[in-house]
Each structure stands twice: as structure tokens, then as C-alpha cells.
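Any read-out appearing in this document is the output of simple, stated calculations on the displayed coordinates, not a laboratory observation. Quick caveat, the model's predicted, so the values are computed rather than measured. Cβ placement follows ideal geometry from the backbone for every residue including glycine, while neighbour counts extend to all protein chains displayed.
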Amino acid sequence: MTERAASGGLPVFDPPLYWSDLWPPVTETGEAALVKLYRSRRWTAFDAAEHRFAAAFAAHHDSSHGIFMMNGTVTLQCALAAFGIGPGDEVIVPALTWYATASAVRYLGATPVFVDVEPDTLCLDPALVEAAVTERTRAVIPVHLYGSMADIDAILAVARHHDLRVIEDCAHAHGGRWSGRALGSFGDVGSFSFQQSKTMASAEGGICVTGDPAIAERIFRLKHIGYAPGQVQRYATDRPPADLTCYPFRATAFQAVVLADQLPGLDARLDRYAEGAHHLEERLRRTTRLRVQARGRMASRQSYYGLAFMLDDPAYAGVPIDAVRDAVAAEGVLLMNCWGAVYDFQLFNFPPSSFRVAGPCPVAEAAGRQVLWLHHAYLGLEPAVLDRIAEAMEKVLAQAGRLGRA
Ligand SMILES: *Cc1c(COP(=O)(O)O)cnc(C)c1O
């Protein structure tokens, strides 16, 4: 076996192949659109570019309304606020997610209730959601994580039974389709992020999609200091409802033109990612003991924020995950850590009285110690390059025992 770069051997990639050098996409059409916008001086305040992009994104996601915002955290906050969720209410969230899913609930003074995820998909476990419902539960936020999908049919069934609102956190799920229909259109609201690493990216940004015109109007007012859609700024014809506290949470036309340039290529890119993911998965199944995150079981087009791998085979017991990540990085490939359970995450600072862990969450907790994932930009590369990415991982994992014990 060849010597690992971390122990003085030759790296697989020299120079390193960083996903951040491959992503986001840079195109001539995007550049031309940005220059044109810059010269027009119509940088925001509801230039046609923002409307057009929001409408096109919503339509692509089988929704009649899109409300474009500054990030994918305020989208969750505004969706919850639009339903009047606040102090005393409980909102069920997966124990494994980016902590914004929970902090959005806290922002409104409501109580996030953490529920464990399924061991195969790493997404919210519908049976555990059912068990966590109390008379205070108002909503549930399934997250379609990395390269999988929450079982949205089962979650909708539980929600219907208990009269809960469903807000789909689709920050990883642009373009994903469950049984032919777009993720984000199953729940009452779908929330997407356009942060730099996401599958559509404009540095920062987010959007809510919905098929409910009344909720769309409430979310729009929440993000645009109270104005209703279509009102001319400074000429409000009515006041926002008294239960809404409205802020400027708008995004700009710069983000809209960048995203409008990415949207038409999204589906083809996801299909390419699926090919790349299958290629890697097939090979790594033969050459390593990694377990790959299961795809959404009804995925007719799988969305990919990344491809996640579990190092939960006994062969890797006790191998420190950071040492694996660092040794693969020395080979020139950047694998990323999974956050683990939200309530164990370094930035999670809420006092124990402000949230509830509905039951044991062994899967989410283990994920922090056992899951590494490959950014989606890698999945679009040629098979020959993917083989070298696999080689970098194989080289390190073949000698995993030498990486020390946790
Ligand atoms: C990225 C992300 C968000 C929102 O992130 P922003 O940086 O606020 O756009 C929400 N949920 C999940 C699961 C995410 O990964």
C-alpha cells in the first residue's frame, strides 16, 4: 500500500483539488447580467430581476409563490412567524441538522423539540415525530439532508393527524423531486438557502415557496417592512396585520441575476451529480467499509448538497474522524465533518429550559463522530477524477488503524 501523504508519501492530488475552487459556477452569461445590472443602478427595491427569479424558482419547485430573502435562516423564521408560532409553542426539528433549523424556532420564542433521524437516510424519523407530539406542538420542520430526503409522505400523515404545520427545510434540496413532485411543495412552506456552499449559490440568499396566497402575503410583508406584494414603496395602501413584526429581510438584484443564471442548468447538474455519486458509491463499496447515506426512497430526482459516508463499521471503531479528514485533505481532497446532534454543536448556546430532546438521539449523536461528506461540486467531475478522489479515501482508510484511537 502506498504511503499516505500525511506520513510523507506523495499526495494523490498535487496541487490539491479543493471544492471551493470549483464552486460556485462562473459563466459569461452571469458576468454579462451582473455588469448590465451594475450599470442600470437598479440594484434592489424590487427590480424586475428579483420578481422574475422568485417566480421562476417557485414555478420550478411546483409552487405558485416565491418570496426571495437574504438567507435561509430568516426564511425559516418568517415561515414560522407567518403561522403565528411563538412562546409556548413547540416545533419538532431533527436532532441532526444545521443549527439554524432550531435557532429559527428560538428566535420566535418557541421551543425546538429534537427528534432523532433514521440511520439510513439521516433524515427525520417519522415514527419518532409521532411519539414526540404534545398538545403544544404546532409545527414540524423536516430537513432533506445532504444526498437524501426526509420521508415526506409519512411526515405529512403525522402532521395531518395532529393538525401540525409542515415547513420543509430544503437548504440541501434544490431541484429534488419526491415521486415526481418538487421538494418544498409538499409542506405548507418550503425554505431554501443560497449560501455560498449550497446547490444554488449567491454568497447569501434564501427563498420561501408556497402554494398558499395568504401565507405568501404574510411572509412577503414580514421580509419587506410590512408592504404587501405589489405595493409601491412609500405608498402603502394598508397596514400589515398587527400580529406581524416586519423587518427588511430582502435580498438584492445582484443575487437574483446570479441565481437566475444557475436555475436553468440545475436539473442537468443534479443528474450529473447522481452519476458521480453512483460511480463513487459503487467503487467505495468494493474497496472500503464505508456506508453511504441512502438516497431518498421515492427520489425521482435526488437533490445533492453532498455525498455523506458513515464510518460505523467495526473496522473503523475508535478511529478519530478528524484524523481521517486531515489525512484525506493531505491527499488533496476536502471532506467535511457532519455537525452531529444540534444540542452538542459548538455554537448552540440555548439554555436547557429553552428546548426539549424528545428521546434518545443515538443516530444524530453518532453522526458527529462517524460521518464525513463530500461537497456536491466534486460529484460533477469526470469519472477518471472521481476515481482519484476514491483513491485518496481508500489510501487513508486502508490504514485507518494507524490514525490513532479516539
Ligand atoms: C445552510 C442551511 C440553512 C440556512 O442557512 P443560511 O446560511 O442562513 O442561508 C438552513 N438549514 C440547513 C439544513 C442548512 O444547511
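Ala327 meets all of the listed conditions (1) assigned to a helix (DSSP H, G or I); (2) out of contact with any Lys or Arg (no Cβ under 7 Å at 6 or more places or on another chain) but one, namely (2).
Give Asp169, Asp188 a once-over and let me know the one that is near the ligand (Cβ under 10 Å from one of its atoms), touching a strand residue (DSSP E or B) at 6+ places or on another chain (Cβ under 6 Å), among the acidic types (Asp, Glu) and within 24 Å of Phe68 (Cα to Cα). Quick ask: steps written out before the conclusion?
Values: Asp188 fails: near the ligand (Cβ under 10 Å from one of its atoms).
Checking each option against the conditions leaves just Asp169.
Close Cβ contacts (under 7 Å, 6 or more residues apart or on different chains) running from residues in region 183-204 that are without any contact (Cβ under 8 Å) to a residue 40 or more places away in the chain to residues that are within 12 Å of the ligand (Cβ to nearest atom) and not in a loop (DSSP other than H, G, I, E, B) comprise Phe186/Glu168.
Determine which member of the set Gly226, Gly190 is crowded, with 18+ Cβ neighbours inside 10 Å and at positive phi. Explain how you work it out, then say what you get.
On the way: Gly190 fails: at positive phi.
Just a single option satisfies the conditions, and that option is Gly226.
Please go through region 22-63 and give me each residue that is of a type in the set (Ser, Thr, Tyr), more than 23 Å from the chain's Cα centre (by Cα) and surrounded by 12 or more Cβ atoms within 10 Å (Cβ to Cβ), ordered by number. Before the answer, list the steps.
At the first step, the residues of region 22-63 found to be of a type in the set (Ser, Thr, Tyr) are 27, 29, 38, 40, 44, 63.
Keeping just the survivors that are more than 23 Å from the chain's Cα centre (by Cα) gives 27, 29, 38, 40, 44.
Residues satisfying the conditions are Thr27, Tyr38, Thr44.
Residue under question is Asp125, and the condition is that it be out of contact with any Cys (no Cβ under 6 Å at 6 or more places or on another chain), within 22 Å of Leu222 (Cβ to Cβ) and of a type outside the set (S, T, N, Q); does it hold? Taking the combined requirement at face value, the residue does not satisfy it.
So which residues in region 96-135 are part of a loop (DSSP other than H, G, I, E, B), within 15 Å of the ligand (Cβ to nearest atom) and either surrounded by fewer than 22 Cβ atoms within 10 Å (Cβ to Cβ) or among the acidic types (Asp, Glu) (or both)?
Initially, region 96-135 is screened for residues part of a loop (DSSP other than H, G, I, E, B), giving 97-99, 108-110, 116, 118-123, 125, 133-135.
Keeping just the survivors that are within 15 Å of the ligand (Cβ to nearest atom) gives 97-99, 121-123.
Trp98, Tyr99, listed by residue number.
In this structure, is Ala377 more than 24 Å from Trp19 (Cβ to Cβ) and within 24 Å of the chain's Cα centre (by Cα)? Here the answer is no, as Ala377 does not meet what is asked.
Of all residues in region 231-265, those satisfying the criterion of being loosely packed, with under 14 Cβ neighbours inside 10 Å, in a loop (DSSP other than H, G, I, E, B) and in contact with a helix residue (DSSP H, G or I) (Cβ under 9 Å, 6 or more places away or on another chain) are Pro241, Asp243, Thr245. Exactly one residue out of Ala110, Ala79 is under 22 Å from Lys198 (Cβ atoms) and of a type in the set (A, V, I, L, M, F, W, C): that is Ala79.
What about Ala260, is it in contact (Cβ under 8 Å) with a residue 60 or more places away in the chain, among the hydrophobic types (A, V, I, L, M, F, W, C) and within 16 Å of the ligand (Cβ to nearest atom)? Show your work before the answer.
Details: in contact (Cβ under 8 Å) with a residue 60 or more places away in the chain: yes; among the hydrophobic types (A, V, I, L, M, F, W, C): yes; within 16 Å of the ligand (Cβ to nearest atom): no.
The answer is no for Ala260.
Within the option set Ala203, Ala214, being surrounded by fewer than 24 Cβ atoms within 10 Å (Cβ to Cβ), under 21 Å from Asp47 (Cα atoms) and either within 16 Å of the ligand (Cβ to nearest atom) or not hydroxyl-bearing (Ser, Thr, Tyr) (or both) holds for one residue only, Ala203.
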